[in-house]
Amino acid sequence: MMRITNSMVVKKTKTNINTNRAKVNYTNNQMSSQKKITKPSDNPVIAIRSLRLRSTLSTITQYYTNNISDTESWMDCTQTALINMKDLLKDAYDQVVYGANDVLEQENRRAILKELQSLQQQVYSEGNADYAGRTIFTGWKTNQNLTFTDDADAKKQKYDISERFTFKDIEKKKYYAGRFEDTSDGKVAQTPAEPFNEVELNRLRLAYDNIDKDSTSLSLSYVNAAGETVQMAITNNAQSITTEGYTFSIDNTKTPPLVPQSPTQVAGFHLDDQNPNITQNANGNDVYTYDVYDQDEWNAWQADPANVPQPVPVKTVSVVTSTDANGDPYLPAMVNGQEVTYRVSNTSDLRKDGYKIGENEVVFDAESGELLFGDKLAKLFDENRVSFGFDYTKNGFESGELRPEYYFNCTRYMEERDDITYVNFDENGEWITQGIFYNIAGGQQMQINTEAREVFNSDIRRDMDDLIEIVQMAISAQDTVDAIKKKIDTGDYSEAELKNLNAWLDVAQKQLDYANQNMHDTYSAYITKFQDYRDKVDLEITDLGGRGERVSLTKNRMSIQESTFKELKSINEDMDLSELVINYSAASVAYQAALQAAAKIGKMTLLDFI
């Protein structure tokens, strides 16, 4: 039997007191924090589970409180802007419907004009809507407005712009020549020499008007009978042409006059510009055919012609030249054997010339920003499914116009830094999306933005230009008729003068009849266009609503998950208050008992055990 000494009893008693005191302290800490553990070593299993639950809950809270909230706010702003845009388009639609009315008084036309001019200034204003300082329709460039907002700044802006079209974009439009507005005595004293007439042409309309005349280039692309894609670019008056990447130009001081420019510009190939084969086609035009070699094979032969045989051409490039009425050569583009030429003009010159355009000619009206051509070329382009490219410089814009960088591949000229190039289409002509995506749940992203191109483009403003021009013409034509009638009614003119006045009245009335009919026809046709614009906005509102509904469903799910994980976290970490009270009371009783026992044991001596 082991002998127990007094010191052993005292030591063991102290240990028991400390143990019970530690339990009291532990339960007291639990009472204060209401947590099961205060440090990982208290219970490693609870600690690990707590870390996992807290991490998951933090992620869910980020989704639910921040990301989803921002997404909803962004979409709410977008929806408001779209609804406002829809209302603006409805107002424009109503004016178009009203303008298609057969019976309109002069004050009615003036009211339509005023309303359309006001709407034209506002039509893209909703595109500048922002959320927390970030514009919502401008893709990734959220620090910049969609339109030019400062007129003085807009007039200083300069861009090189590339627009692309297809044969499906060709539309018909009526133009007028011999327009009569001068009703002064000096004018109406003359016999009418240029009666008013109309010309119907085909057009491709650019996004902007008032283009720099000397900066343009028209390119054509089609698939020939051999199934090959043919691409050409021609300049004003057909003095140069680019085909298959090689540029050729006319130099009347040389014989032959065709001169290749930068003949080695196509990487990996060499065009032998010294030895063209010149033949004639069925139309009697000169055809220059150049051999093209592999660049490495050409270089090897040039370096050692004695030992390296001359390489075989890998392909040929042909260019057709033609001559005008003066015998001067020019370079037409050939679309399956049909000649196409290109020149630049302006509205006033075209009107003076009666809109006379050659059957093989594409004329660019730099003032109106339109490519004009006749039915023969329209049929040719349609049959060959031609695609068009048009490169130009636009120097100076107006407040309210769309900025080109959101719609086209373009370069913006800068004064105090390098020019900025914007690429919106890839090499295949596909739009490069600028969607902004938020993570709203684990593994779930949502596009929060709507890009401007999905809602509207420059056609709306340009269509309003047409409508404004047409109603202005109708107003002017009516004013002209009224002015001449007023002169006739005064009775202050001789019989000869009255004869002239009545002749001018016939011209003015013809002009008015055309203007009224043109207004009716065009406004009637544009009803469908503006309905399409409204439908497009409606579609985006619907799409936005669908995305918003998915966000709402995700929000509900995140709310439930947040509540679930909060509960799991509480179960894992938090103590039950009643259990805490019981544990603390038990530990306190044990501690008090240990103290009392120690007090009794401390009074005993060895004799108490004998």
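The values are calculated or read from the model by the stated rules, or taken from the named source; none is laboratory data. In this text, all values refer to a predicted model and were calculated from it rather than measured experimentally. As a convention, Cβ positions derive from the backbone with ideal geometry for all residues, glycine included, and neighbour counts pool all protein chains shown. We work out accessible area using only protein heavy atoms, side chains counted, and drop any ligands, DNA or RNA first. Shrake-Rupley method; radii C 1.70, N 1.55, O 1.52, S 1.80 Å.
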(request) Could you work out, for segment 184-331, what percent of all Cα-Cα pairs fall into each 5 Å distance bin, beginning at 0 Å and stopping at the bin that holds the largest distance? (result) 2, 7, 12, 15, 15, 12, 10, 8, 5, 4, 3, 2, 2, 1, 1, 1, 0, 0
(request) With r as the distance between the Cβ atoms of Lys114 and Lys213 and R0 = 25 Å, compute the FRET efficiency 1/(1 + (r/R0)^6) and round to 0.05. (result) 0.20
(request) In square nanometres and to one decimal, what's the mean projected area of the convex hull around the Cα atoms of the chain? (result) 56.1
(message) Charges on Cβ only, +1 for Lys and Arg, -1 for Asp and Glu, centred on the Cα centroid of the chain; of Thr59, Val24, Thr247, which one is farthest towards the dipole's positive end?
(response) Val24
(request) May I ask you to evaluate 6.51 cos²θ - 1.76 cosθ + 1.60, the Karplus curve with θ = phi - 60°, for each residue of segment 187-197 and list the ³J(HN,Hα) values in order in whole Hz, giving x for glycine and proline? (result) 6, 6, 6, 8, 7, x, 10, 10, x, 5, 8
(request) Before rounding to the nearest 500, sum -39500 (n - 2.57) across all DSSP H runs of length at least 4 in the chain and divide by the residue total; then give [θ] at 222 nm in deg cm²/dmol. (result) -15500 deg cm²/dmol
(message) I need the calculated FRET efficiency for the pair Glu454 and Asp375, taking r as the beta carbon distance and R₀ as 25 Å, to the nearest 0.05.
(response) 0.15
(request) Kindly express, to the nearest 10 degrees and within the range 0 to 90, the angle between helix 68-99's C-alpha long axis and the longest C-alpha principal axis of the chain. (result) 20
(request) Could you let me know the centre-to-centre spacing of segment 283-353 and segment 200-274, using Cα atoms, in angstrom? (result) 9
(request) With +1 on each Lys and Arg Cβ and -1 on each Asp and Glu Cβ, and nothing else charged, work out how big the dipole of the chain is about its Cα centre, in Debye to the nearest 20. (result) 6140
(request) With label points built 7 Å along Cα→Cβ from the Cα atoms of Asp535 and Ala282, find their separation and express it in nm. (result) 4.3
(request) Based on alpha-carbon positions alone, could you give the equivalent ellipsoid semi-axes of segment 516-560 from the gyration tensor, as √(5λ), descending, whole Å? (result) 43, 5, 4
(message) Using square roots of five times the C-alpha gyration tensor eigenvalues, list the equivalent-ellipsoid semi-axes of segment 221-275 in whole Å, biggest first.
(response) 21, 16, 10
(message) Helix 106-122 against the longest principal axis of the chain: what's the angle in degrees, Cα atoms only, rounded to the nearest 10?
(response) 40
(message) Taking θ = phi - 60°, what integer Hz values does the Karplus form 6.51 cos²θ - 1.76 cosθ + 1.60 yield along segment 533-549, in sequence order, with x for Gly and Pro?
(response) 4, 5, 4, 5, 5, 4, 4, 5, 5, 5, 4, 5, x, x, 5, x, 5
(request) Starting from the Kirkwood radius over alpha-carbon pairs of segment 326-417, derive D by Stokes-Einstein at 37 °C in a medium of 0.692 mPa s and give it in µm² s⁻¹. (result) 206
(request) Provide the per residue accessible area, probe 1.4 Å, for segment 231-349, rounded to a whole number of square angstrom. (result) 51
(request) From largest accessible area down, sort Val335, Val223; use a 1.4 Å probe on the protein chains. (result) Val223, Val335
(message) Are there any trypsin sites (Lys or Arg not before Pro) in segment 377-414 that are in a DSSP loop and have at most 12 other Cβ atoms within 10 Å? List them by number.
(response) Arg385
(request) Could you tell me how many degrees, from 0 to 90 and to the nearest 10, lie between the Cα long axis of helix 6-33 and the main elongation axis, the longest principal axis, of the Cα atoms of the chain? (result) 30
(message) Distances longer than 27 Å among the Cα atoms of segment 348-494: what percent of all pairs is that?
(response) 53
(request) Could you tell me what percent of the DSSP beta bridges with both partners in segment 292-440 are antiparallel, to the nearest 5? (result) 70
